[in-house]
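Derivation of every value follows stated rules applied to the coordinates shown; laboratory data play no part. Since we're looking at a predicted model, the values are computed, not measured. For neighbour counting, all protein chains shown are included, and Cβ atoms are generated from backbone atoms with ideal geometry for every residue, glycine included.
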Amino acid sequence: MSGFDIVLVIAIILFARLGVRLITGYIKMKKEKEEEDDAS
């Protein structure tokens, strides 16, 4: 069972990192779009 726990922890860490990357990318994209709207 401990082997499965280790795999589960690694999977959770990878998904958390992916989620953080998606959120930061979305915020950055949104901010850039707002700046473009202000400029035009």
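Summary of values
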item	result
Rounded to 10°, Cα long-axis angle of helix 2-39 versus longest principal axis of the chain	0 degrees
Within the chain, helix-based [θ] at 222 nm, where runs of 4 or more DSSP H residues each add -39,500 (n - 2.57), nearest 500	-35000 deg cm²/dmol
Positive-end residue of Ile10, Leu22, Ala39, charge dipole of the chain with Cβ unit charges	Ile10
Spread of Cα-to-Cα distances over 10 Å intervals beginning at zero, given as percent, for the chain	28, 26, 20, 15, 9, 3
Extension reserve of the Thr24-Ile12 stretch, reckoned as 0.36 nm per residue once the Cα distance is removed	2.5 nm
